[in-house]
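The values are calculated or read from the model by the stated rules, or taken from the named source; none is laboratory data. In this text, all values refer to a predicted model and were calculated from it rather than measured experimentally. As a convention, Cβ positions derive from the backbone with ideal geometry for all residues, glycine included, and neighbour counts pool all protein chains shown. Accessible surface areas use protein heavy atoms only, side chains included; no ligands, DNA or RNA. Shrake-Rupley method; radii C 1.70, N 1.55, O 1.52, S 1.80 Å.
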Amino acid sequence: LVSFMGQPTQQLQQKQQQQAAAMQVTASSGRGDATAAARSNGTGLPADVKVVELTYPVDIPEDTTTYFVQYFKLPSNKKYHILRYEPITNSLLLHHGVGYLCDAKAAAAVKAMKSMGPYDRFKHEMKCEEFYMLVAPNGTAYNAPVTAGLPMGTPNSHYLALELHYNNPEGLTGLKDRGSGLRVYYTEKLRPHDIGLITLQQPVLNIPPGLSALKANVSVCPAARTAKFKGPLTLLDSFFHMH
């Protein structure tokens, strides 16, 4: 968690403006810009790579903790492979974000909604649950290995819910995020392998203060589940997340 003790609103806004100006150097808004950015940062993406930016503006409340969610229609006229995705951060109060895929049932519910958002997560039941991509402020991009890609455009990846978490412990007012989220590089030239994701979690872990030790349930993936894997798996990446 980040605390801005002693930083008045004007000073924080100036830092946001400086951060936004610095980010404009690598911002991509189209295929040509994406290719230039990819070459300049050494990612080695192919020349025919396409790019889509998934961002949305919000007014940041003075509440300590705020979650927003916005739904997006992903490119889905055919199957694509995502080769790279990277965070777009335009607020120092952004704690993190998560992109969730919408399966067919959830996608139908999203299409029936009057608006794609943004919604206050504390007042809105999010329709989509499958972890897909992570927004880590000031974090590095995720690059797929050269023989694999993250599928997009398949029946269960037509829509995405992008949840953004803002942390405002000092209750600062009048702040805006002009658009944080993800920049996604993808191609229609499929690689040999699809990247899949698996989530193992302890849904609720409350740790009372003052304890010298705590015994908690441990999350496991039972053999009945792993037996469904069609063959050996190659672990590409992993991360932990906890509040």
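Of all residues in the range 197-232, those that are part of a loop (DSSP other than H, G, I, E, B) and without any contact (Cβ under 8 Å) to a residue 12 or more places away in the chain total 19. What tally of residues in the range 126-185 results from selecting those that are aliphatic (A, V, I, L, M), under 20 Å from Asn90 (Cα atoms) and outside any strand (DSSP E or B)? The number of residues fulfilling the criteria is 3. Scanning the range 65-92 for residues that are open to solvent by less than 20 Å² (accessible area, probe 1.4 Å) and outside any strand (DSSP E or B) gives Leu74, Thr89, Asn90, Ser91.
A quick yes/no check of all residues on (1) over 18 Å from Leu182 (Cβ atoms); (2) at pLDDT below 95:
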residue	(1), (2)
Leu1	yes, yes
Gln18	yes, yes
Met23	no, yes
Ala27	no, yes
Arg31	no, yes
Pro57	no, no
Asn77	yes, yes
Leu83	no, no
Ala104	yes, yes
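The numbered conditions (1) surrounded by fewer than 16 Cβ atoms within 10 Å (Cβ to Cβ); (2) over 30 Å from Pro46 (Cα atoms); (3) touching a strand residue (DSSP E or B) at 6+ places or on another chain (Cβ under 9 Å) are all true for Ala227 except (3). Scanning the range 160-191 for residues that are more than 19 Å from Asp59 (Cα to Cα) and either of a type in the set (Asp, Glu) or open to solvent by 30 Å² or more (accessible area, probe 1.4 Å) (or both) yields a total of 4. Can you report the number of residues in the range 186-213 which are in contact with a Leu (Cβ under 7 Å, 6 or more places away or on another chain), of a type outside the set (Phe, Trp, Tyr) and modelled with pLDDT of 90 or more? Looking only at that region, the number is 2.
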